[in-house]
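Worksheet: the structure to be examined is printed underneath.
The values are calculated or read from the model by the stated rules, or taken from the named source; none is laboratory data. Here the structure is a predicted model, which means the values were calculated and not measured. Cβ coordinates were reconstructed from backbone atoms using ideal geometry, including for glycine residues, and neighbour counts include every protein chain displayed.
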Amino acid sequence: MDFLSALWNRAKDQPKVHVYLGSAAVGIISGLVIVAYRSIITFFEASREDSLKSITGSLFGLAIWFSIAIAAGITTAMLTRRKPLIKGSGIPQVKAFLLRRVTFDWKRELPFKFIGGSLALGAGLSLGREGPSIQLGSLVGSAMDDWTGRHDYTRYFVTAGAAAGISAAFNAPLAGVLFCLEELHRNFSPIMLTSTLIGSFFANAVMWMFFGNSAVFGIHLAQLLPLKLYFSAVLPIGIICGLLGSVFNHSLLGFQARFKRLLPNETHRIVAAFAVAAVISLIFSPITGGGNTLIEKVTKPGTSLAMIVLLIAGKFIFTLFSYASGAPGGIFLPMLAIGALIGALAQALLPVFGIEGNYLANYILLGMAAFFVAVVRAPITGAVLITEMAGSLGHFPAFILVSVIATLVAGLVGAKPIYDSLLEQITPALIRKKDSVPITLHVPLMEGCQVSSCADVVASLPEGCILSAIIRGDERLFPEPSEEVHPGDELQILVRKDQAAALKERILEIGRASPGSIES
C-alpha cells in the first residue's frame, strides 16, 4: 500500500498523467455522444425507408412527406445561422481551431451539430456522419478543457476527441489516431500520440458495448488478391480514383460557388437541398444517405454495368450538391461509397481486357481506399482504415500500393487536399478585446526546415514571441542560443493570447520544410 500511495502521489503531480486521464474521459464521453448520434441517424433513416413504402400513390402522404422535409430544412438552417461552425463536415473547423483561427462554443455547437446533422442525414442528403463525429468529439475535448481549466491541454483533449469520433464512427481505433496525426497535425509528439491513442481506445470500447465489434461494412474477403494482379488491377484502380478524386475536389468547390450565386440566401440553399433530397428519395433512393446501404448493395454480385455507372454519377453529383448547400454533414462516407462503386466498376470491366477472376470484394475495398486518399491525401490513414474494415493484414500491401498511386496521380493533376481547400474558406474570428495573458504555441520541426539552433529560431520569430522550451521526446530543454534543434523537436513559444491567432500560422512556417525541399 505504501508503494501504491507513493506511486499515486508522484503520478498526480505529473502533467502527462492529467493529459492522459483527461483524454480517457474525453474518449468515454465522445463514445457515448457518437453512439447516440449514430443511433438516432439510424432511426431516422429506417423511418424514412418505412415512410417511402407507405406514401407511394398517396397525395396526402406526399404532402406530409415534403412538409416534414421542409420543416427539417428550416430547423437546420436556423441552427447553422446561429452557429455557422456547425456547417459542413466539421473537419476543417477542427483544423481551424487547432490553428487558433476560430474558437469553439461547445455548449451550443455540440447540440446544434448533433441535431442539424441528424436531420440532414435522416432527410436523405448524401452526407456522412463521420466528419460530424470528429467535430462532436473535438467539442467534447473543448468541454473537458473548460471543465478542468487546464488550457495548456486544449490541443491534446481536442485531438483525443477527434480520434474518438472517427474510432467510434468506423470501429477503427488505429485509423482514428492516424487521421488526427496525418491530417489534423501532420506531426506527433509522444504525449500527443499517447493521448490520442487513449481517447480512441476508450471511445471504441464504448462503441463495442453498444454495437459489438463487427465491422461497419459487412465486406468479407474470401481470398487474397494475387500478386500478378497488382499491376493489371491495382494500378488502374489507383489511377482512375486519383483522377476522379481530383475532379471531385475541383467540382465540390465549383458547386459551392455556383449554388451561392443561384441562391444567395443560405436558408434557401439548405431548405432547397432538403426538398431535393425528399424528391430523390422517392425516385432514386440508393444514392441518398451516407452510403452504407449502397455499399452493401454493390458487394452483392448481379449489379449491371449500366446501373453501376448510373450510381457513380448519381452519388457523385448528389454528394456535391448536398455538401454545397451548407447543411451539417460530411463527405467521408459518401467518398467511400463512390470508391466502392469504382471498385465494382473495375470488376465489371477488367474481364473485358482479359483480366479474369471474381475479386469483387477486393476491388471494392481497393476503390474505397484509393478514392478516399485521392480526395483527402492521407494515404496511411486510408490504407489502415480499409485494413481495419477488412479485418486482415494480408491485404495491407495492396491497400498501401493503391493509396500511393492515387496520391501521386492526384498530386500530379494539381488538386489540393479537400480539407485544406475547405479550411481556407473559414474566416478567422475577430479578436474583440485586448488580452495580454501569455499562452504557449506548440510548433513542430519538420524534415527540411531551415533552423538548426535556438539562435536561428529566435532570429526567425515575429516580434512579441518568446522561445520558452524545446521538447525532445520526453525531455524539456532550456533554449540556450547554442542548443541545436532537430526535425521531430517541438518548440514551445509564448505569445499574448490576443495575438495567438494572427501569429500561429506565421510561426508554424519556421518548422516547415524550406521551399524547393523535397519535403515541401
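Can you say whether A383 is outside any loop (DSSP other than H, G, I, E, B), without any contact (Cβ under 8 Å) to a residue 40 or more places away in the chain, closer than 23 Å to A169 by Cβ and in contact with a Cys (Cβ under 9 Å, 6 or more places away or on another chain), as far as the supplied structure shows? For A383, the condition - outside any loop (DSSP other than H, G, I, E, B), without any contact (Cβ under 8 Å) to a residue 40 or more places away in the chain, closer than 23 Å to A169 by Cβ and in contact with a Cys (Cβ under 9 Å, 6 or more places away or on another chain) - is not met.
Does G124 satisfy the condition of being assigned to a helix (DSSP H, G or I) and assigned by TED's automatic domain parsing to the domain that holds L184?
Working: assigned to a helix (DSSP H, G or I): no; assigned by TED's automatic domain parsing to the domain that holds L184: yes.
The answer is no for G124.
The combined condition, being within 14 Å of the chain's Cα centre (by Cα) and either under 22 Å from R48 (Cα atoms) or crowded, with 24+ Cβ neighbours inside 10 Å (or both), is fulfilled by S138. Does at least one position in region 178-198 carry a residue that is under 17 Å from I386 (Cβ atoms) and aromatic (F, W, Y)? Looking through region 178-198, at least one residue is under 17 Å from I386 (Cβ atoms) and aromatic (F, W, Y).
Listed by position, the strands (runs of 3 or more DSSP E) inside region 451-508 whose residues that are in contact (Cβ under 8 Å) with a residue 40 or more places away in the chain number at least 2 are 490-496.
Please specify each residue of region 438-456 satisfying the condition of being more than 12 Å from S482 (Cβ to Cβ) and surrounded by 14 or more Cβ atoms within 10 Å (Cβ to Cβ).
Matches in region 438-456: I439, T440, L441, H442, V443, P444, L445, M446, G448, C449, Q450, V451.
Yes or no: S251 farther than 17 Å from G88 by Cα, small (G, A, S) and either outside any loop (DSSP other than H, G, I, E, B) or modelled with pLDDT under 90 (or both)? Considered against the rule, which asks whether it is farther than 17 Å from G88 by Cα, small (G, A, S) and either outside any loop (DSSP other than H, G, I, E, B) or modelled with pLDDT under 90 (or both), S251 comes out as no.
Taken over region 298-315, residues that are touching a residue at least 40 places away in the same chain (Cβ under 8 Å) and assigned to a helix (DSSP H, G or I) amount to 4. Checking each residue in region 127-151 for being assigned to a helix (DSSP H, G or I) and within 21 Å of T75 (Cβ to Cβ) picks out G131, P132, S133, Q135, L136, L139.
So, of the residues in region 386-401 that are over 20 Å from the mean Cα position of the chain (by Cα) and either part of a helix (DSSP H, G or I) or among the charged types (D, E, K, R) (or both), which turns out to be modelled with the highest pLDDT? Show your work before the answer.
Within region 386-401, the first condition is being over 20 Å from the mean Cα position of the chain (by Cα), and the residues that meet it are 391-398, 401.
Now narrow it down to the ones that are either part of a helix (DSSP H, G or I) or among the charged types (D, E, K, R) (or both): 393-398, 401.
On the way: L393: 75, G394: 75, H395: 82, F396: 86, P397: 89, A398: 90, L401: 93.
So the residue we want is L401.
Please count how many residues of region 273-328 are of a type in the set (S, T, N, Q), over 22 Å from the mean Cα position of the chain (by Cα) and closer than 18 Å to I342 by Cα.
Of the residues in region 273-328, the ones of a type in the set (S, T, N, Q) are 281, 285, 288, 292-293, 299, 303-304, 319, 322, 325.
This time we only want the ones that are over 22 Å from the mean Cα position of the chain (by Cα), so: 281, 285, 299, 303-304.
Filter once more, keeping what is closer than 18 Å to I342 by Cα: 299, 303-304.
Selection size over region 273-328: 3.
What number of residues in region 405-420 are out of contact with any helix residue (DSSP H, G or I) (no Cβ under 6 Å at 6 or more places or on another chain) and in a helix (DSSP H, G or I)? Selection size over region 405-420: 4.
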